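The values are calculated or read from the model by the stated rules, or taken from the named source; none is laboratory data. These numbers come from a predicted model, not from an experiment. Quick reminder, even Gly has a Cβ in these numbers, built from the backbone with ideal geometry, and neighbours come from all protein chains shown.
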Amino acid sequence: QDPQTFYNKEDVWQIPEEIYYNEEVRVEPYYIIMGLPGEREEEFILLQPFTPLERKNMIAWMGARMDGDHYGQIVIFDFPKDTLIFGPSQVEARITNDTEISAQITLWSQAGSRVIRGNLLVIPVEDSVMYVEPLFLQAEQSPIPELRRVIVNYGDEVVMERTLAESLERIFGSGTPPTTVPPSTTTTEPTGTTTTTEPPLTTTTTAGLPADAAGLIARAEELYQQILTHQGETQQLIDELGRVLDELARIRR
């Protein structure tokens with residue numbers, strides 16, 4: 001770093017904040033499996049996003065490498081300075097100020113339900129990030145919150161639908177619906193020989209992910225439901241969700 005910039009405190013970073021259970025909290029560092037720029041293989045990293053001091057846009061993330069000979073090494077990824085990447089608090093403000101979302105929250109509140117904004121997932125997607133936030137409703141008679149909407153922010157778009165899949169469809173388009181794979185059938189030929197017809201194989205990418213947008217969206221919805229209900233290792237599910245969304249963004253460019 002340039003010494004003059006350092007001593008003038010012109011490039012100071014801070015840890016951003018998010019709204020969790022309707023309170024402002026600092027974004028905690030989180031583990032993720034991802035491919036670093038210039039590396040061929042994915043690796044396990046402890047990631048912390050940053051914003052400029054007293055500003056809200058995302059400026060960089062810092063990662064602590066966890067694998068093999070790279071254990072303990074610190075890497076920093078700077079977002080392009082000529083591209084605005086919204087930070088967590090900016091996304092929270094966009095959600096709050098969105099007319100469709102605010103109208104629905106007001107309607108629920110007037111009906112006597114408590115609206116709970118869940119944890120904001122920050123998922124790296126290509127050279128940007130995607131934010132996913134669930135909305136829960138807690139009725140006066142029930143102590144158990146119920147998932148009612150999923151909000152997605154990607155680029156300049158903020159959408160809210162009943163499921164993650166529906167929100168992703170609004171952003172990326174639904175693509176071609178996945179075809180139903182028929183079960184294998186067995187037929188007997190007149191000669192007495194038996195012929196088995198196998199179902200067609202599902203088209204996947206080299207990473208084992210669905211190759212079409214509809215399949216990727218369906219997989220993202222499945223993973224997100226598992227994350228919300230704590231089915232399996234949460235961080236591994238978030239990692240796979242990130243890979244699905246990255247592939248979805250790639251094929252819809």
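Listed values, structure above:
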read-out: Any pair with Cβ under 6 angstrom, 6 or more apart, that starts in the stretch 4-26 at a residue that is over 29 Å from Ser102 (Cα atoms) and free of Cβ contacts under 8 Å to residues at least 12 places away in the same chain and ends at one that is surrounded by 11 or more Cβ atoms within 10 Å (Cβ to Cβ) and small (Gly, Ala, Ser); value: none
read-out: Check on Ser113, in contact with a strand residue (DSSP E or B) (Cβ under 6 Å, 6 or more places away or on another chain), more than 30 Å from Asp78 (Cβ to Cβ) and of a type in the set (Gly, Ala, Ser); value: yes
read-out: Cβ-Cβ under 6 Å pairs, at least 6 apart or on other chains, the stretch 209-227 side within 25 Å of Arg148 (Cβ to Cβ), far side crowded, with 20+ Cβ neighbours inside 10 Å and β-branched (Val, Ile, Thr); value: Leu216/Val244; Arg219/Val244; Ala220/Val244
read-out: Members of the stretch 99-120 that are at pLDDT 85 or above and exposed (fewer than 12 other Cβ atoms within 10 Å of the Cβ); value: Thr99, Glu100, Ala103, Thr106, Leu107
read-out: The stretch 72-98, subset in a strand (DSSP E or B) and of a type outside the set (Phe, Trp, Tyr), residue surrounded by the most Cβ atoms within 10 Å (Cβ to Cβ); value: Val75
read-out: Identity of the residue in the stretch 124-152, surrounded by fewer than 20 Cβ atoms within 10 Å (Cβ to Cβ) and among the hydrophobic types (A, V, I, L, M, F, W, C), that ends up nearest to Ile19 (Cα to Cα); value: Phe136
read-out: Matching residues, the stretch 99-117, being of a type outside the set (S, T, N, Q), more than 18 Å from Glu166 (Cα to Cα) and not in a strand (DSSP E or B); value: Ala103, Ile105, Leu107, Trp108, Ala111, Gly112
read-out: Those strands (runs of 3 or more DSSP E) lying entirely in the stretch 2-53 with at least 1 residues within 22 Å of Pro80 (Cβ to Cβ); value: 30-35, 42-52
read-out: Some residue of the stretch 134-143 being under 30 Å from Gly38 (Cα atoms), small (Gly, Ala, Ser) and touching a residue at least 24 places away in the same chain (Cβ under 8 Å); value: no
read-out: Within the stretch 153-175, considering residues that are in contact with a Ser or Thr (Cβ under 8 Å, 6 or more places away or on another chain) and surrounded by 20 or more Cβ atoms within 10 Å (Cβ to Cβ), the one modelled with the highest pLDDT; value: Met160
read-out: The stretch 196-214 - residue that is farther than 10 Å from Glu247 by Cβ and either among the small types (Gly, Ala, Ser) or surrounded by 13 or more Cβ atoms within 10 Å (Cβ to Cβ) (or both) and, of those, modelled with the highest pLDDT; value: Ala214
read-out: Any chance Val132 is more than 15 Å from Leu248 (Cβ to Cβ) and among the β-branched types (Val, Ile, Thr); value: no
read-out: Residue count for the stretch 21-33, restricted to those that are at pLDDT below 85 and buried (at least 17 other Cβ atoms within 10 Å of the Cβ); value: 2
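Matching residues to (1) under 16 Å from the mean Cα position of the chain (by Cα); (2) not hydrophobic (A, V, I, L, M, F, W, C):
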{"residue": "Glu23", "(1), (2)": "no, yes"}
{"residue": "Glu43", "(1), (2)": "no, yes"}
{"residue": "Pro49", "(1), (2)": "yes, yes"}
{"residue": "Pro52", "(1), (2)": "no, yes"}
{"residue": "Arg55", "(1), (2)": "no, yes"}
{"residue": "Ala60", "(1), (2)": "no, no"}
{"residue": "Val75", "(1), (2)": "no, no"}
{"residue": "Phe79", "(1), (2)": "no, no"}
